[in-house]
Structure formats: structure tokens, C-alpha cells
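Chemist: This is the structure I want to talk about, given as C-alpha cells.
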Amino acid sequence: MAPVVTIGFIAVSFSLALAGLLPDPVAIHWGVSGQADQFLDLNSYLWLVTISFVFYWSGLVALEVSGVKAKLLKPLMKSLLIGLFFLILLVVTITTLLQAGMETDESLFIGQWFLLVLIPVAIMVWLFSAKPSLRIRENLEIRLRGVMVLKVPVGAIESVGPMHLKARDYGGWGLRYASNTLAFIPSSGSAVFIKLDWGEALALRMDKPEDFVASYQLETAG
């Protein structure tokens, strides 16, 4: 879907340009007041956007066919890169379409429209600032504020135990990956450590890891 959206945006942008509905030059930077203060000629802008998206998607394809074996890290990297793509696409779409129909010498005031860009950023911060919740079914499901972000086959779990999670051991708070371990660290404190049979592990912050360990042992007994 994302490549189709990209092609659609590029096609619309070139169509607007050919119809003379985009200014030349195009605003590409805005100051703190929301007023455009840097510009690029229209032709260069369109090709810069096109080539940038081509390189971006080439990187995603390279990641997909690469020999990266980390089953937790690779999907995470893909998800983050795709999320970043949609954020960039949102920014470029807003700033391009807001200039449609403007005269060449007009300066675009982006103002409150920029707040739209901050919405997905705020949602991500809100999502990953939560302690994960775990549910055991056929898979171990990891959820943040009710949204499932990861699932792992129960049969791939080698061991489960409590631990004390320190942000500095993983480079800070948030969603982290270090030492073959994917860590969910909204804060330092008690956590559960789940070792997987392919060599990676999960470290998940929770208030009562002993309760989850007992629940896991009960669910998988026999």
C-alpha cells in the first residue's frame, strides 16, 4: 500500500506542476513564526522528492533481502522505517498541497497546519511510554495500551524469569535493542526476562513480574 501511496503523491505533484498550480520556487523551510524562509525551484523540488522516496524504498527492500537474522530486530526496524516514511510523506504532502494555487511570489504561512505533523509523534510517545501487558495464547502477545505490537510463539520460549531493568544498560528509555535483547523500558524497575530459542531475548518492564512468571508456568505446565 505504501509504495502505491508514494507513486500517487508523486503523480499528483507532477500533475499540479504541469497544470501550473504549484509556485516556482517552492517553499521548503519555515521559521519559528511559521513563515516560509527558504525556497527551491519547482523542478528541482519535484525530482528531489522523487529521488528521496526511491532511495528510501530501496533501503527498505535491501533490509528485507539482507541476511539480518535477528527475528525481533528486523521486523522492528521495518516497522520504524515504515512509520518514519508515513511521517515524512505527511509532512511533504501537507507542505506541497498547501502551496497549490499560490502565486510565485507568495510566501506560505504554514502556522497551525504543522500541528498535524506532531499528532503521530505524540501518539508514538504516548504508546511507548506505557508498560507492556502480556497475554499467553498460542503466542505470547505483547501489547502497549491495548495495541498488539509483537507476538512470539510460546514454543520458542526457553525460559522466563524476573529481573531488574535499568535504562542505562540499554542506552536509555523507550523501545531499545542491545545485546540481542529487545527491551520495553518506559522506566527503570522490575521486569520480566524472556529468553528465546533462536538466541534473542525480551526484557519487559512490569510491576509484578513474579505474577506473570507464575501465570506462564501454569499455562504451559504439562
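Chemist: Going by what's in this entry, would Leu16 be described as in contact with a Leu (Cβ under 7 Å, 6 or more places away or on another chain) and either at pLDDT below 85 or surrounded by fewer than 14 Cβ atoms within 10 Å (Cβ to Cβ) (or both)?
Modeler: No, not satisfied.
Chemist: Can you name the residue in segment 48-68 that is among the small types (Gly, Ala, Ser), out of contact with any helix residue (DSSP H, G or I) (no Cβ under 8 Å at 6 or more places or on another chain) and part of a helix (DSSP H, G or I) and is also nearest to Val92 (Cα to Cα) among such residues?
Modeler: Ranking the candidates gives Ser52 first.
Chemist: To continue, here is another question. Hey, Phe212 hits all of (1) among the hydrophobic types (A, V, I, L, M, F, W, C); (2) assigned to a helix (DSSP H, G or I); (3) closer than 23 Å to Ala122 by Cβ but one; which does it fall short on?
Modeler: Answer for Phe212: the failing condition is (3).
Chemist: Now for a different question. Can you name the condition, by its number, that Ile185 falls short on among (1) farther than 16 Å from Glu219 by Cβ; (2) at pLDDT below 90?
Modeler: (2)
Chemist: Those residues that are surrounded by 15 or more Cβ atoms within 10 Å (Cβ to Cβ) and either of a type in the set (Gly, Ala, Ser) or farther than 22 Å from Trp198 by Cβ (or both), I need them from segment 151-173; list them, please.
Modeler: Correct list: Ala156, Pro162, Ala167, Trp173.
The values are calculated or read from the model by the stated rules, or taken from the named source; none is laboratory data. Quick caveat: nothing in here was measured; it's all calculated off a predicted structure. We place every Cβ from the backbone using ideal geometry, glycine too, and count neighbours over all the protein chains shown.
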